[in-house]
Amino acid sequence: MSNQRHHSALLALRRRLFGYACALCPDMASAEDLYQDAMLRAMSARSVPVDQTAFRVWVFRIMRNLWIDRLRAAGRLPELTTDDDIDTHIAINRTDDLTVNRLAVRQAFMKLAKPHRDVLALVDIAGFSYAEASELLNVPQGTIMSRISRARASLAHSLQDNDKVVALPLAQGKQGFRG
Amino acid sequence: MAGHSFSSETLNAFVDGALPPARTADLLAAMAHDASLARHVAMLQRLKTAVGTLDDAVEPPPLPAPPARKPARVRHALAVAALLALVAGMVWHSQPRMPASPDTSPPATALAAHHDWASAPAPQTRARMPETFAWLTPVMHATGLQLARAQQGPNGLHLGFIGANACRLSLFIQPHDQPDTALDMQLDAHLQQAGWTTSGLQFRIIALDMDLSRFATIATTAHAKSRDHLPASAAQIALINAARLPCLA
């Protein structure tokens, strides 16, 4: 990939990359640092994937590896736990009628376990398919599916428990009406 | 939702567009007969949309200058750096930084226009959707609301939709020269509002006493369609259908 195409491709990804950084980091300053470091690393690379999909995975992997390096340096790498450490018995039946606002979602999102934040950010914010997320995280697609499922269950559960969320149970007796 | 055979992983894969076509068809068929299942899927869709738009309004910082290269490439690297700085600068200056929570609240005039229209007797005739916004027709048809007004006014094009159970929803569309903004919803038990800008147009939706889940579903779908202009998928139509509830007024 030529330098110009390389930089154009990076520019095209900047919003999603920054969104991913915001999802991984606890505050905006850390996210900006991570974003800048990842972009710098990507811009200075001598070998860049030519294929568009491979390029996207490559750039996000750079950012994710930098994030893992930071967690490791801070002694917080164990927080990037395996699925075994994550509650898998979250009931979400009562959350079907949640209506949420952005602030509440952000708060609940940041409370998610890091692997959950990671995979939701890749799929919902960065727009990766399950197959691409699987390649990026180096785990089977089935693992992506279960992580996504648990992450959204956990998010819904957290939102339900959050007093700041406008939780809107559909009024009893309304169901079944149309129009 | 009892009785269906869809795992949580399957429902999430559906929301993420990762379900095989045959399984998608099975699920859509099940949703058509199971309102609880449809609501659950709608909730997952809302979560996905909410996470996906968390940082839409936050402008990324400018790109860093590329690192220096070996002497033989210094001139080239400088040229690239200059180009990057120029591009970043142009982007930076041409797109004023969006506030974290852009104010997409409708002006008092739009609220007043909605109130005036909503309190007037329901017209006997239906209005015609302008061709430019034909992409809205299947979405609004699925809501059960019918277009009763399509009129230019001080707040831009006013599309007024009415339902069989006292529902009135206004959509105001007007040209806008600011950068795109994310969907912003303000849901109150009495007044529901949503606003966003995309492709040089500002959209504002206002309703009174509408079921909040229903309003949110309509707003998120209209928002998505205003950006891609693609026909609403069967799943989106099913979600809107599942959210149909009478207004309280």
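The values are calculated or read from the model by the stated rules, or taken from the named source; none is laboratory data. Remember, it's a predicted structure, so these values are computed and weren't measured experimentally. As a convention, Cβ positions derive from the backbone with ideal geometry for all residues, glycine included, and neighbour counts pool all protein chains shown.
A few notes on this one:
- Screening the candidates B:D184, B:D228, B:D211 for the property of being closer than 26 Å to B:A32 by Cβ and buried (at least 20 other Cβ atoms within 10 Å of the Cβ) yields one hit, B:D211.
- Pick from the range B:132-149, criterion under 21 Å from B:P231 (Cα atoms) and among the aliphatic types (A, V, I, L, M), ranking: surrounded by the fewest Cβ atoms within 10 Å (Cβ to Cβ): B:A134
- Residues being touching a residue at least 12 places away in the same chain (Cβ under 8 Å) and charged (D, E, K, R) - total across the range A:123-146: 2
- Qualifying residue in the range A:92-103 (condition: more than 10 Å from every other protein chain (Cβ to nearest Cβ) and either part of a loop (DSSP other than H, G, I, E, B) or at pLDDT 90 or above (or both)): no
- Test: residue in the range B:154-166 that is assigned to a strand (DSSP E or B), surrounded by fewer than 16 Cβ atoms within 10 Å (Cβ to Cβ) and more than 14 Å from every other protein chain (Cβ to nearest Cβ): no
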